[in-house]
Amino acid sequence: MNFIDAITLEVADTEAAERFYTTAFGLGFEVRWRASEKPSTGFRGYTLSLTVSQPANADALISAAVAAGATVLKPAAKSMWGYGGVVQAPDGAIWKIATSAKKNTGPAVREFDDIVLLLGVADVAAGKKFYVEHGLTVGKSFGRVYVEFEAGPSPVKLALYRRKALAKDAGVSPEGTGSHRIAIHGAAPFTDPDGFAWETAALADQS
């Protein structure tokens, strides 16, 4: 079974990225960063989600992110599925902080349960087939709309969503060109049909 060891965000300033992600989310080994000046405009085709146990935790993480320099794309609010909001980090990465719970069950803490990498793809069915052929196991699948893979021992879960739908969920336009500015690390290197690159863990050294 293949799974994500970690992800690397390509940023202009690695020291600033380390400062932001440590201060805002308390991230460590799950997310890394390295210097890159690859051209990238508009939507980069992916979002990262932090799932939390209650609305108060979502508010706490969003507030910490904004205080550390993030921009709010979607203010935290209740919805049919739960509660959450979307922010954009100073490096351009889009983060959704959400919970399926609609009521708080305890005091607010800046803690999250899972990290989910959602890739916006042109064809979910084709992407699903590609990743299954590369050793991932399907956990949930909803036709050509959404597929989620088993995380195994990985700190990051992978899911595929239609690009336009993902952009709408993030509160941004789906248009974008250039580099995705992200690398995914697993057992073997390859590039998926939508241009997302996987690298071996040996290439994942943090800058």
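Which residue pairs have Cβ atoms closer than 8 Å, lie 6 or more positions apart in sequence or on different chains, and pair a first residue in the stretch 67-82 that is charged (D, E, K, R) with a second residue that is surrounded by fewer than 16 Cβ atoms within 10 Å (Cβ to Cβ) and modelled with pLDDT under 95?
Every condition considered, the pairs that remain are 78/102.
Just checking, how many residues over the stretch 171-197 are aromatic (Phe, Trp, Tyr) and surrounded by fewer than 20 Cβ atoms within 10 Å (Cβ to Cβ)? Reasoning before the result, please.
Step one: filter the stretch 171-197 for residues aromatic (Phe, Trp, Tyr), giving 190, 196.
After this cut, where a residue has to be surrounded by fewer than 20 Cβ atoms within 10 Å (Cβ to Cβ) as well, the list is 190.
Result for the stretch 171-197: 1.
Can you pull out the residues in the stretch 109-153 that are open to solvent by less than 50 Å² (accessible area, probe 1.4 Å), touching a residue at least 40 places away in the same chain (Cβ under 8 Å) and of a type in the set (Val, Ile, Thr)?
The answer is 115, 116, 121.
Within the stretch 116-133, is there a residue that is of a type outside the set (Phe, Trp, Tyr), within 28 Å of residue 52 (Cβ to Cβ) and assigned to a loop (DSSP other than H, G, I, E, B)? Write out each step before concluding.
The first filter runs over the stretch 116-133 and keeps only residues of a type outside the set (Phe, Trp, Tyr), leaving 116-129, 132-133.
Filter again for within 28 Å of residue 52 (Cβ to Cβ), leaving 116-121, 124, 127-128.
Subsequent filtering for residues that are assigned to a loop (DSSP other than H, G, I, E, B) retains none.
The answer is no, given that none of the residues of the stretch 116-133 is of a type outside the set (Phe, Trp, Tyr), within 28 Å of residue 52 (Cβ to Cβ) and assigned to a loop (DSSP other than H, G, I, E, B).
Just checking, how many residues over the stretch 15-49 are under 15 Å from the mean Cα position of the chain (by Cα), within 17 Å of residue 5 (Cα to Cα) and not β-branched (Val, Ile, Thr)?
Within the stretch 15-49, residues that are under 15 Å from the mean Cα position of the chain (by Cα), within 17 Å of residue 5 (Cα to Cα) and not β-branched (Val, Ile, Thr) number 8.
Looking at (1) over 18 Å from the mean Cα position of the chain (by Cα); (2) under 21 Å from residue 182 (Cβ atoms); (3) of a type in the set (Lys, Arg), which one does residue 164 not meet, given that it meets all the others?
Going through the list (1) over 18 Å from the mean Cα position of the chain (by Cα); (2) under 21 Å from residue 182 (Cβ atoms); (3) of a type in the set (Lys, Arg), residue 164 breaks only (1).
Which residue pairs have Cβ atoms closer than 8 Å, lie 6 or more positions apart in sequence or on different chains, and pair a first residue in the stretch 156-179 that is on the phi < 0 side of the Ramachandran plot and among the hydroxyl-bearing types (Ser, Thr, Tyr) with a second residue that is open to solvent by 50 Å² or more (accessible area, probe 1.4 Å) and not in a helix (DSSP H, G or I)?
Taking only residues 6 or more apart or on different chains, the pairs are 161/145; 173/42; 177/39; 177/41; 177/42; 179/38; 179/39.
Check every one of the strands (runs of 3 or more DSSP E) wholly within the stretch 1-108 and list those with 1 or more residues that are open to solvent by 30 Å² or more (accessible area, probe 1.4 Å).
Working: elements: 6-11, 31-35, 40-42, 46-51, 71-78, 83-88, 94-99.
Hits in the stretch 1-108: 31-35, 40-42, 46-51, 71-78, 83-88, 94-99.
With the condition kept exactly as written, say whether any residue in the stretch 156-170 is surrounded by fewer than 18 Cβ atoms within 10 Å (Cβ to Cβ) and in a loop (DSSP other than H, G, I, E, B).
no
The values are calculated or read from the model by the stated rules, or taken from the named source; none is laboratory data. No experiment lies behind these values; they were computed from the predicted model shown. Using ideal geometry, Cβ is built from the backbone for each residue, glycine included, and neighbour counts are taken over all protein chains shown. Side chains are part of the model used for accessible areas, which takes the heavy atoms of the whole protein and leaves out ligands, DNA and RNA. Shrake-Rupley method; radii C 1.70, N 1.55, O 1.52, S 1.80 Å.
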